[in-house]
Amino acid sequence: GQGDRQSPGRITMEAPDLLSLPFFRPFSAQAVAPLSAQARWRSYEAGQTVLEAGDDAPEVYFVVQGMLRVTTRSVGGHEIILNEIGPGTLFGEIAAIDGAKRSAGIVALTKTQVCVIAAGPFMEFALSTRQATLHMMKTLASLVREKDKRIFELSVLATRPRLIALLLRLARPREGAGMIVSPPRPHHELAAMIGTRREVVTRALA
């Protein structure tokens, strides 16, 4: 399932400064002051749904801490894991630009804190100066490049090299030598990340 939708997130009373978020670090406190007054800080528990596909909540989210999963569903109802995102990432910026409904769901994998800014004030800031507009364009360009790499993998690579590429993205350096994926990922999650079945992943890993 998409997780627990019982609450839209708990409001965090002690909020960090907006300039602590990577997206706003290039700017002065004066430049972001209008957004600081608008910002809301929310906390989510592991398993709680932050957004559902089809939502039209006009907000942009900035991940302060924690890990979240971006998911969608195929025509047959199978869950597809599009990405996993962590601190410093933002989401909802595409919907803020075009006003369309959310194209994917977001679920907290761990205890998570996010900063939420309404789409209107965020777009006013993004278009307010040449510096802000270029910064937003670079952020979108980075997103497009990453998606191009994923599309290439899905379109050109067979299942085994797709799985290898995924494991390399998930891995981190291991003490001593080599790389490690920790904690180990269930086979059905790995399958949902590369567009295949659990049985195929199990055979490839064996």
Provide a single number: the residues in segment 1-37 that are assigned to a helix (DSSP H, G or I) and modelled with pLDDT of 90 or more.
-> 13
May I ask you to list the residues in segment 58-97 that are within 16 Å of Leu143 (Cα to Cα) and open to solvent by 40 Å² or more (accessible area, probe 1.4 Å)?
-> Leu82, Asn83, Pro87, Thr89, Ile94, Ile97
Among the residues of segment 128-149, is there at least one that is within 17 Å of the chain's Cα centre (by Cα), of a type outside the set (Val, Ile, Thr), surrounded by 16 or more Cβ atoms within 10 Å (Cβ to Cβ) and not in a helix (DSSP H, G or I)?
-> no
Selected residue (criterion: modelled with the lowest pLDDT) from residues of segment 151-176 that are open to solvent by 60 Å² or more (accessible area, probe 1.4 Å) and of a type in the set (D, E, K, R) | Glu175
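The values are calculated or read from the model by the stated rules, or taken from the named source; none is laboratory data. Everything numeric here is computed off the predicted structure, so don't read it as measured data. All Cβ positions, glycine included, derive from the backbone under ideal geometry; neighbour counts span all protein chains shown. The accessibility values were calculated without ligands, DNA or RNA, using every heavy atom of the protein model including side chains. Shrake-Rupley method; radii C 1.70, N 1.55, O 1.52, S 1.80 Å.
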